[in-house]
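I have placed the structure first, in the form of structure tokens, so that the comments after it can refer back to it.
What follows draws every value from the coordinates through simple rules; no lab data is involved. Since the structure is predicted, the reported quantities are computational estimates derived from the model, not experimental observations. Neighbour counts run over all protein chains shown; Cβ positions are idealised from the backbone, glycine included.
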Amino acid sequence: MRAAVVAVGIVLCGCPGGDDEPPPDAGPPPCALPVVGDPADDIEIELVVLGDGGALDTLDEASPMQAVSLFKPPQGGRVIFAGVRARNLDPCGVQLGGGLRDIASDKIVPEMRTVNLEPDGQGWAGSDPADITTFSNIAVCPNQWSDRDAFELPYELSVAVRERGTGRTAQSVVTAVPRCSADVSHCEQGDAACTPEQLVADCECICDVDYVLGMNCR
Amino acid sequence: MLRSIFRATLFFAAIAAAGCGDDEPEPLVLEPPPPGEGFQIATNDTVVPAGHEYQDCYFYKISDLAASNGLDPTQPVNLHRIQIAQKQGSHHYNIFRVRTIVGLDPANGAFQHAEDGQGECFKSPNWADWPLIANNQNDLGQLDWTFPDGVANILQPDEWIMAQIHYVNASTQVTPEAGKVYANFWTMPADQVQHEMGTLFATKQSIRICQSNPTPSFDAGCNINATEPVHIIGANGHFHSRGTQFDIFTWDGESMLRPDDSDRFYQSLSWDHPPMAHSPELDVEIADGGGVWYTCGYEWTPPPVGCEALNTRDQTVYMTPEDQLDCCYTFGGVVESSEHCNIFVYYYPKVDDIACF
């Protein structure tokens, strides 16, 4: 279900060069993606997350306790890949921010990046499930930030976008339950220790509230 | 204090001699601490062929190092001052505590070599949970840092540490003569230790700097999770030649917004000579519950290795479909063809050593 548009007060900050056109002598072809929807209308977004098996799951602001997968990214640890489907905006150079908030302590893990959203041909553009860099990579674990276990408990998950040039923003917030994924598709190639069972066991160790960096999880 | 009694002599003649025609470069020398005051580690003299990048991992056991220069090998080493001297071409020098063994194991040798992105010493997941001890990112670099009075990074006798050196002799950086790094660990007596130092290492690996998205930035916040205020006393950032601006801010731990410029305590505009900010000039208080926020800004430039090489790597490493190839620099240790976005932060009093990625 599509989340309501939130004309939020949140203004994702500008970034070095983020609002700038490419330098004239830089050579690269500019992003040529077309505007999706009507730029005269408010930006609309849906919060999507990468699910097991490469699925793109849309989360509903009105539904409580939606499970979201904690994946092992290339660098280790566990992340939520949180992205958007959006329309009524220029999909080039969008600032995409995501965060997971501990509703008990109000602490948050934020991540923000500049992305080109991929048009779907149906008037929307969004994060591409084939490219994890088009999602906010929210680094949930090692859990050295929350006052609670970072899995199987409800957290607040949010994403926000800021359009290049205009600075227009939209945000979506849901209640979500991070869940350790057994999906090995994000493991590094050749990692023999990356089995479904081990993935979950390691995840529940490093996402535990009592985790200390470097402790033996096996 | 140790720092008022002993001053090691640094001769960065090799640096000064760079570009001096036929003059024979003088050797880089860092005098070791006197017996009982600390110890020194050093890399091999390393000649890097043109067009290549070497990354070498050196392993040491703390008790062995302590015993090597008159310290009690049964007692913790209270690191209070760190000196690092390195010759040109040394892209980075990082020292970590060894923790979970994945592909890098001190049992496989005290010296483990890797080249051009291949080998266990190039694979960052191998040290994903190894806490930071010290680092230097400046390829003409020297570091001489005495921690604040009473502050020490405490290393246990049975701990292994790993010192990693990365040499680049290619188009973005050169190693004109044999690479070499020295590091001095200066200790302080246990009865003078008032605060243990903690460290924070953060890295972003899902990054992409592409032709059609040529000026991206990547931000993240890292919580220190302290229940009392902590002091940031050291920081630096690390990216490669597409990096244009690296900022680190104090952060309240609750906001999704990039902090104001007034909260910035570190900035690097020089990818190959990033400053190392440290005490006494740097001493920033972080409120309890807070942390740091960092930002890496990039500008795409034509790759010295060509777009085909980047696209091939993108396909083989990240399985990127043909229609999405965009001459992208992605995460990797090879300077010529990949990018980094790393921060190194030092603080006290210690809550835990922190990995944020």
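List of remarks:
- Cβ crowding within 10 Å averaged over residues, with B:120-133, B:213-226 ranked highest first: B:213-226, B:120-133
- Derived scalar couplings ³J(HN,Hα) [region B:250-260; Karplus, 6.51 cos²θ - 1.76 cosθ + 1.60; whole Hz; x for Gly, Pro]: 6, 8, 7, x, 10, 9, 8, 8, 4, x, 5
- Inter-chain shielding of A:72-81 (mean C-beta neighbours from other protein chains, 10 Å cut-off): 5
- Annotation: the residues B:Glu228, B:Glu115, sorted from fewest to most other C-beta atoms within 10 Å of their own C-beta, follow the order B:Glu228, B:Glu115.
- Our summary gives chain B a relative contact order of 21 percent, counting only alpha carbon pairs under 8 angstrom and 6 or more residues apart.
- Near the amide H of A:Val84, within less than 5 Å, lie the amide hydrogens of A:Val48, A:Ser127, all on another chain or at least 5 residues away, with H placed in the peptide plane.
- Between region B:296-357 and region A:62-122, the C-alpha centres lie 20 angstrom from each other.
- Across region A:159-218, Cα pairs under 8 Å and at least six residues apart give a relative contact order of 22 percent.
- Surrounding net charge for B:Arg242, when Lys and Arg each add one and Asp and Glu each subtract one, Cβ distance under 9 Å: -2
- Most tightly packed first, judged by the mean number of other beta-carbon atoms within 10 Å of their residues, the peptides B:53-60, A:114-121 read B:53-60, A:114-121.
- Listing B:His52, B:His91 from fewest to most neighbouring C-beta atoms within 10 Å gives B:His52, B:His91.
- Residue-averaged beta-carbon neighbours from other chains (10 angstrom radius) around A:93-101: 2
- Shown in residue order for region A:146-157 are the 3J(HN,Hα) couplings computed by the Karplus curve 6.51 cos²θ - 1.76 cosθ + 1.60 at θ = phi - 60°: 8, 8, 9, 3, 9, 9, 6, 9, x, 9, 9, 10 Hz (x for Gly and Pro).
- The charge dipole of region A:127-191, taken about its Cα centre with unit charges on the Cβ atoms of Lys, Arg (+1), Asp and Glu (-1) only, comes to about 400 debye.
- For B:Gly253, the amide hydrogen comes within under 5 Å of the amide hydrogens of B:Gly291, counting only partners 5 or more places away or on other chains and with H modelled in the peptide plane.
- Each Cα pair under 8 Å and six or more residues apart adds its separation to the average, and for region A:47-90 the resulting relative contact order is 42 percent.
- Euclidean distance of C-alpha centroids, region B:177-198 and region A:28-58, integer Å: 49 Å
- Listed peptides B:144-156, A:101-113 by packing density, highest first (mean Cβ within 10 Å): A:101-113, B:144-156
- Each part reduced to its alpha carbon centroid, region B:224-244 and region A:202-218 end up 23 Å apart.
- Inter-chain Cβ neighbour average for residues A:137-143, partner chain, 10 Å: 4
- The H on the amide N of B:Val98, modeled in the peptide plane, is under 5 Å from the matching H of B:Trp160, B:Ile161, B:Met162, each at least 5 residues off or on a different chain.
- Dipole moment magnitude, nearest 20 debye, the protein assembly as shown about Cα centre, only Lys, Arg, Asp, Glu C-beta charged: 440 debye
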